[in-house]
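Worksheet: the structure to be examined is printed underneath.
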Amino acid sequence: MSGGRLDSLVSRWVGWFSCFLHCLTIAEEPLLYLAELHPQHCTRSCPAFETSLPMGMQSNLHKLGDAASLKVSGLPTRSHVADSAQTSIYRLDLRSPSYDGKTLVTEEGGVIQAPQIRIQARSIRYTFRETLEETLQDPLHGSVEARGDLLVHFGPYTLSGEALFYDFTTHSGFLERGRCASLPWFFGGKQLLLHTDGSVLIDTGYVTTSEAYPPHWGLYAASVKVDRDQVIQAKNLSLKLFETPVFWIPTFHSRLDWLLDSPFHYRFRWGGSQGPRFGLTYSLLEAWNWKTSLRFDYRLTRGPGAGIEADYRSQDKTLSFSSINYIAKDSSLLAPHEKTRYRFEGTLEKQFRPQHTDLLISYDKISDPNMPSSYEDQEFDIKPAKRTQFSLHRQETDWIAKLYARARINSFETVKQELPCFSASFRPQVLGKTGVMLAQTTSLAYLNYQYSTHVSEAKPYNAARLAYSPRFFSSFPASGCTVTPDLTLLSILYSNSPKEKGSSWLNLAKSSARIDTSFFRNFSLYTHTLSPYAEIAYTTPPTSSPHHHDIFSIEDGWCGAATWKTGFRNLIHGPRGRKHGEKLAECDLWVEGLLHPCLSPDLYTRCVLFPLPHIRYLIQAKWDTSRKQLGALNVRTEWTLDTDCALAFEYRTRNAYSWRKADPMNFYLEAFHTERVLRHSSLSDPRQTLLTHLFYRFHPNWAIEAMSRQGWGRSNEPKYLEYELNLLTTIQNAWHFRFSFQRQQHDTRVALYLNVGLKK
């Protein structure tokens, strides 16, 4: 027997004996790795482990059968790559491989699977390590080269490319000409480095949402890092459209799964009082619920402008912050004295739980009063800002308190400053055994009314204001009805008086009584509830006239008045085919008028109809009984046919005797002024208006939107027709266009909006 055959026989017996001892002792030393991954030592499967190898694999064979497979489960892995979310199974499946004692090669496809990575390719070369010590460390104890129909799952990412090299010892590798998907995002580059910690470093890479290759647009950088948590980081980027650089960006930092808005917003408008203008908004940072964007604008008639926008929403939605800061260099020929113009606005909201406390802080600093109109933009306003204020609201079981402050930071504004104001409301309490409820409110404030610096003839005034208002009310049954009397007292102390030195008191009382009842009947298709009611209210003349104390707001303007109201409310619920108890219709019809001074009552109605689940009708009307004509009417129809089509129509009209009021049911205006005075004031504004709104998606990627406003019948003003037409489309999941034509009363505008990236 030759020495080579003897060595081979000894080696085979050593392998068999080691495997046998391991099966008997269930030893923790993974000698199985040797038996499974060096098949020349073992010709049969070891029953103690979940493995499978083809029969007849001998040391002198260079060809394997039709397939080679290896599966090992429940084996220890290195801690730095262990992940409970990843499989602990090592699998090597190759079709028709060849074996030369060190390397497995196939050109017919195969799959290699290990913790953190799965490799699938047409051509695979797997190379084993040489030493026994290295063999005992990992189930897959080598490296792999793969190409052709290459698909790699690496942590949370899916990658493809031309060629892959991966070392199972270091758990790292690289992918040539690789591309990765973390939908809806794509990134790739010249080379993708796969690191042990699960991150991907892209050499000469890009980030995009374009599905095309090469991408229609992308952010390109020399190095892009995407970590295991889908946080992407890059510096010194260039924005390319069709591989042509168009813009430079200093840094990009965002979480891919949080970046749900377009990183780029383009705007181009032509026409209007502002003339042609171009705008770009770029998402600088979007991670950890924080978003920061850069804004660039250029107006042909004015010049350049830039700003920074910030927005934050905490994960638990208890903290939010929004800010828009904009500076422009105005070189307009129409206003040469206006050079640098700016607007800084922001709002902070915080909810403290479970303390039931809310905090609101907002500011709005503007360079000049015409700044908002000169640089008008739908995306340029934070609605809660508007004013500079501080508000702290606290709610407890027995009381609600609020600390509020407002200051003027723009000298051209006329503002009632509250420096500060404290108010509190207390939970109603029962007075002994009387059944009468007592509710109390109080407020203390220092008020400072500041006129604009442009108003030279008016002087500011100030006063400390202390108000206390107890309310007594109760409800009791009477002959099938419920009677609710109500008495509210109001006392206000002003520290300053405009005509007399010293303080001034104002006292008054408001009393009312309401009676109501309800009837209902069940029909086969629905339930009808009828609720008649009647109410009378009286406010005493105040002890101090408006000439003896300063008027800071409507809360200081009082006069005596008596009103009455009677009507009935209808509710219809629950037809067949609808949800149980779902409202089908609600209609309130009532008559209301003044007793002192005596005025003819008017008839009012408000109806909301839901004839079908996707249709809603709203009707509001006022009938002028003294003139026997329609005083006001609002009719609105809303149809949501499906997710692709919705339309709405609204018709509004009012006559010359329906005054423009914030609260139509507040009659202090009529009680304080005569009808003749009101008729010849700006509060009398008869008009008719027709509003329409249509949205229709006629293709998955195409939609139209039309809005219009038509008005006529205004005093001394011509009729007008304003409308806006929008055409919206999405191309290749990356290009989002909105072409807009706007016709306003004095302007005609054409605008093109382009979002590159995701849909908002």
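The values are calculated or read from the model by the stated rules, or taken from the named source; none is laboratory data. Just so it is clear, the structure is predicted and the values come from calculations on it, not from any experiment. Using ideal geometry, Cβ is built from the backbone for each residue, glycine included, and neighbour counts are taken over all protein chains shown.
Details
- Residues located in the range 240-252, provided they are in contact with a Leu (Cβ under 6 Å, 6 or more places away or on another chain) and in contact (Cβ under 8 Å) with a residue 12 or more places away in the chain: 247, 249, 252
- Within the range 192-212, the set of residues being surrounded by fewer than 17 Cβ atoms within 10 Å (Cβ to Cβ) and either aliphatic (A, V, I, L, M) or in a strand (DSSP E or B) (or both) comprises 203, 204, 212.
- Lone unmet requirement of (1) of a type in the set (A, V, I, L, M); (2) crowded, with 20+ Cβ neighbours inside 10 Å; (3) more than 28 Å from residue 736 (Cα to Cα) for residue 221: (3)
- Pairs where the first residue, in the range 712-723, is touching a residue at least 24 places away in the same chain (Cβ under 8 Å) and closer than 17 Å to residue 657 by Cβ and the second is surrounded by 14 or more Cβ atoms within 10 Å (Cβ to Cβ) and among the basic types (Lys, Arg), C-beta under 8 Å, 6+ apart: 713/687; 714/687
- All conditions in (1) within 18 Å of residue 624 (Cβ to Cβ); (2) surrounded by 14 or more Cβ atoms within 10 Å (Cβ to Cβ) hold for residue 674, with the sole exception of (2).
- Any chance residue 656 is touching a residue at least 24 places away in the same chain (Cβ under 8 Å), of a type outside the set (Val, Ile, Thr) and part of a strand (DSSP E or B): no
- Unique match (being among the small types (Gly, Ala, Ser), without any contact (Cβ under 8 Å) to a residue 24 or more places away in the chain and either outside any loop (DSSP other than H, G, I, E, B) or over 19 Å from residue 117 (Cβ atoms) (or both)) among 218, 161, 148, 189: 218
- Condition check for residue 707 on (1) of a type in the set (A, V, I, L, M, F, W, C); (2) modelled with pLDDT of 85 or more; (3) under 30 Å from residue 542 (Cβ atoms): one failure, at (3).
- The residue pairs whose first member lies in the range 303-315 and is β-branched (Val, Ile, Thr), whose second member is at pLDDT 85 or above, and whose beta carbons are closer than 6 Å, counting only pairs six or more residues apart or on different chains, are 308/325.
- Of all residues in the range 395-438, those that are part of a strand (DSSP E or B) and without any contact (Cβ under 8 Å) to a residue 60 or more places away in the chain total 26.
- Among residues of the range 362-385 that are within 15 Å of residue 340 (Cα to Cα) and at pLDDT 80 or above, those with a Cβ under 9 angstrom from a residue that is of a type in the set (Ser, Thr, Tyr) and in a loop (DSSP other than H, G, I, E, B), sequence gap 6+ or separate chain, pair up as 365/388; 369/452.
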